[in-house]
Structure formats: structure tokens, C-alpha cells
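Structure first, then comments.
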Amino acid sequence: MGSGKFDFKGADAGDIAQWITSLGEKPYRVKQLRQWVFTRGVADFSQMTDISKSFRATLEQTSTVTALKVLAETRSSDGTMKFLFGLKDGHSVETVWIPDEDRATLCVSSQVGCKLKCGFCLTGHGGFQRNLSTAEIVDQLIQARLRVPGGRVTNIVLMGMGEPLDNYGNVLKAIRIITDEELALVGARKITLSTAGVVPGILKLAEDFPKIKLAVSLNAPTDEKREKIMPINKKYPINELMKALSKWPLPRGRRITFEYVMLGGFNDSDEDAKKLVAIARRIPSKINLIPFNPCPELGYQRPSDERIERFYHTLIDSHLTVFIRQSRGQDILAACGQLRESLEMTGPTGGPAE
Ligand code: SAH
């Protein structure tokens, strides 16, 4: 960011071919360079030993490879790892790695902060700083692969800090680079983009890249309630959102995921569950119930386990597919902006005060 130099980490094969040709190098170097940058995660041109010394010198003068700085790396007793990455301008973002038996999912951020100000979300609470560049999005994956056991990242969820569809161009380009078949980093069907419901972004993505999976943070079953916790609902109410989702070209047997953050006494009644059933039935979907991760500054409660169970059963009894998302990495503050918040309060990141 900011150097004005060509950044390999945010470039696709075509960009790189064009760039190195303009520097007088042959296009067959593209493959070599991409292997260094993306597969091996090398950001220092001087280490790219199969490139001629003179061309390495040219690259050093004219180009750059974004490499996020690891400000903190923590590992939970359940295996979850959390990274706090420092950006060039002093900001920081979080990336979480969640290993399971059959997969290892990386939760990636798309913005520093967020504009949407959802009432239950710590990221929105801290305001919006800026969009991440394509390189900064891609590099969360590259840096994580260098540090997690076996370099194993099979799935990506764009569910970290920020609203991905508010940073549409950079996010889409990052997805295109990550899913590039020649790089074989992560396949398109293993990527899920989670949105608070930015309708024009959903419609555009349906045209541009419908191969990835879509998740939508519904979080409330009526406009009246949704507006209270998600101001974006005033702009794009539930009906309009559902209309956009019905245009998403789902392959056979696939579904859209609805996320539903459960806030005790607010959206967890039997009536809420019944209304949620009526909405979810309108499209092929499944529901992820996410019990609220309590943060003292936000003023909501996690429902009791009995309430969560009852809500869950109301949905199941209506033949919906429902999961209760277990909170992972609680001992390392892996939930939603907690680590960054706690570090920035104590100050070791050197990041700007919010
Ligand atoms: N802006 C995107 C992606 C970031 S939020 C979106 O809204 O989907 C990712 C998920 O975390 C969303 O489903 C959101 O509802 C949920 N979330 C945010 N804060 C939370 C909290 N304190 N407890 C539980 N889930 C939370």
C-alpha cells in the first residue's frame, strides 16, 4: 500500500505478464515468479534464486511483494490459531485458522473496521478505517499457510473484519487470484463470502463470480427487529434481500447459508423462530445459529442453552437444515474483533487509536 510500486501479491497472471514484459523480461518468467510469491510465500526478490541477478535488481527497484507483519500469533487449546497482522500504515487485521478433522478453514478480513455498525458486532463498534488492498487480502492466506501445521488451508470464509461487498473490486480480485487453477491454493467451491446483505453487491457477484458460496447474515426475522441491530436493513430490507438471493445461480443441491446471531431476549423467541422458518423456506438454504459472543461494550446477552436448543428444534421440526455454530478459540479471544480490540487498548501494535 502506498508505495506506488507494482505489487505482485495483488496481481493475477495477466497483470504479471504485462508488467514483466514492460520491464523487458520474457513472459515465461510469470510461472516462476508466481511460485515464489504465492506457493512458497517468498516476499524478498533476492531469495528468488532461479531469476537472474540483474532482473532481481530491476524488480527490487520497481516492484514489491506485500508481506503482512505478524503482530501476534496465538493458539487455542482446541487448535484454533489466531493471527493479528500489521499493515504498512500501522493498522491491523485479524485472521483466524480453524482446523477440523475434514477441513481447515481460514477466516479472512476484507476491511480495517466496517461501515455497517451492526449493534452486536465489535468491528462495527470501532468504526471504519479503510478497505484492504487485494494484496492484503490474498496475503492473509499466504502468511497463514506459512505458519499453520502442514500449511493446511482447505477452505476460506470471508467472515472476518469488514463487509466484503463494500470492498467489492479488491475482494473479487483476491478471490480470482486465490482460486486461479494454476496456483491451486483454494478452490472456488471452498470459498464462502459472508455479507450483511449489500443487495447491489450480491446481484453483481451473481454475474461476476457465482462459483463461490454465499452466506447472508440475516440475524432477525422481521424488518422491525433487523433494523434495530443492522442499520443496512433500512437501505435493503428483507424482501429486497430475498429477491436478490433468489437470483443467485445456485448449482443443483447447493444452498445459501443464513447466519443468525442469537441475542437473548431479542431474536430468540418461538415466534422469531417461526418467522425465520417462513423466510428460509423461500430459497434453498441452511441456517447457522451463532450464539452471541458476549462483549461487555455491546450490551446484548447470549441466550441460555435451553433457549438455543428450543429455537433450534423449532427450525428442525420445520424440516430446515440447521447448525449451531460452536464458538472456537474462546481462550484466545478468537471471536469477532476481540484480539485486535484487546491489543489496541493495551497498545503494543503501535496502531492508531480508534
Ligand atoms: N460483514 C459480513 C462479514 C463479517 S461478520 C457479514 O455481516 O456477514 C461475520 C459474522 O459474524 C456475521 O454473521 C455476524 O453476524 C457475526 N457476528 C458479528 N459479531 C458477532 C458476535 N458478537 N457474536 C456472534 N456473531 C457475531
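Read the figures in this text as sums done on the coordinates, not as results from a lab. Here the structure is a predicted model, which is why all the values come from computation and not from measurement. Heads up, the Cβs are rebuilt from the backbone with ideal geometry, glycines too, and the neighbour counts pull from every protein chain shown.
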Estimated inter-spin distance, residue 117 and residue 44, nm [label 7 Å along Cα→Cβ]: 4.6
What angle, in degrees between 0 and 90 and rounded to the nearest 10, separates the Cα long axis of helix 199-208 from the longest principal axis of the Cα atoms of the chain? 50
So the angle from the long Cα axis of helix 134-147 to the longest Cα principal axis of the chain, reported in degrees to the nearest 10, equals 90
Projecting the Cα atoms of 251, 269, 280 onto the charge dipole of the stretch 249-290, where Lys and Arg contribute +1 and Asp and Glu -1 at Cβ, the residue farthest towards the positive end is 251
For residue 113, which sequence-distant residues (separation of 5 or more, or a different chain) have an amide H within less than 5 Å of its own amide H, given hydrogens modelled in the peptide plane? 129
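Using alpha-carbon pairs under 8 Å, 6+ residues apart, how would you state the relative contact order of the stretch 1-141 in percent? Don't skip to the end; give the middle numbers.
Details: 197 pairs, mean separation 29.3, N = 141.
Dividing the mean separation by the residue count of the stretch 1-141 yields 21 percent.
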Cross-link list 26/82; 26/173; 26/69: which exceed 29 angstrom alpha carbon to alpha carbon? 26/82; 26/69
Given Cβ charges of +1 for Lys and Arg and -1 for Asp and Glu, the option among 194, 19, 148 whose Cα lies farthest towards the positive end of the dipole of the chain is 19
Whole-Hz Karplus ³J(HN,Hα) for the stretch 115-121, in order, using 6.51 cos²θ - 1.76 cosθ + 1.60 and θ = phi - 60°, x for Gly and Pro? 8, 7, 6, 5, x, 9, 10
With N set to the number of residues, divide the alpha-carbon radius of gyration of the chain by 2.2 N^0.38 Å and report two decimals. 1.03
Using modelled amide H (1.01 Å from N, peptide plane; none on Pro or chain starts), what sits under 5 Å from the amide H of residue 256, excluding residues fewer than 5 places away? 285, 286
Relative to the chain, whose Cα atoms define the longest principal axis, helix 270-280 and its Cα axis are tilted in degrees, nearest 10, by 50
The size of the Cβ-based charge dipole (Lys, Arg +1; Asp, Glu -1) of the chain about the Cα centre, to the nearest 20 debye, is 900
What shape does the stretch 35-96 have by the C-alpha gyration tensor, where a ≥ b ≥ c are the square roots of the eigenvalues, rounded means a/c under 1.5, and otherwise prolate means a/b greater than b/c and oblate the rest? oblate
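Given a Förster radius of 35 Å and the C-beta distance between residue 154 and residue 309 as r, what FRET efficiency does 1/(1 + (r/R0)^6) yield to the nearest 0.05?
Numbers: r = 30 Å, r/R0 = 0.87.
E(calc), rounded to 0.05, equals 0.70.
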Name the long-range amide H neighbours of residue 70: under 5 Å, sequence gap of 5 or more, or other chain; modelled H, no Pro or chain starts. 86
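Can you give the FRET efficiency to the nearest 0.05 for residue 326 and residue 31, using r as the Cβ-Cβ distance and R₀ = 30 Å? Walk me through the numbers before you get to the answer.
Working: r = 41 Å, r/R0 = 1.38.
The computed FRET efficiency comes out at 0.15.
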Taking Cα centroids, how far is the stretch 260-329 from the stretch 211-251 in Å? 16
What list do you get for 91, 313 if you sort them by fewest beta carbons within 10 Å? 313, 91
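Relative to the present Cα-Cα distance, how much length would full extension add between residue 15 and residue 188 at 0.36 nm per residue of separation?
On the way: separation 173, 0.36 × 173 = 62.28 nm, distance 2.06 nm.
So the extension gain works out to 60.2 nm.
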Calculate, in nm to one decimal, what residue 208 and residue 147 gain on full extension: separation in residues at 0.36 nm each, minus their alpha carbon distance. 18.8 nm
Residue by residue, what Karplus-based ³J(HN,Hα) values in Hz, rounded to whole numbers, does the stretch 52-63 have, using 6.51, -1.76 and 1.60 with θ = phi - 60° and x for Gly and Pro? 4, 4, 5, 5, 4, 5, 4, 4, 4, 6, 10, 10
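Net charge near residue 269, counting Lys/Arg +1 and Asp/Glu -1 over other residues with Cβ under 12 Å of its Cβ?
Numbers: positive: 225, 274, 275, 307, 310; negative: 268, 270, 271, 272.
Spelling it out: positives minus negatives among the neighbours equals +1.
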Label 7 Å along Cα→Cβ of residue 255; the stretch 306-327 residues with amide nitrogen under 20 Å? 308-327
Suppose each label sits 7 Å from its Cα in the direction of the beta carbon; what would the residue 297-residue 61 distance come out to in nanometres? 4.7
Calculated from backbone phi, Karplus (6.51, -1.76, 1.60) coupling profile of the stretch 177-187 in Hz, x at Gly/Pro: 5, 4, 8, 3, 4, 5, 7, 6, 7, 8, x
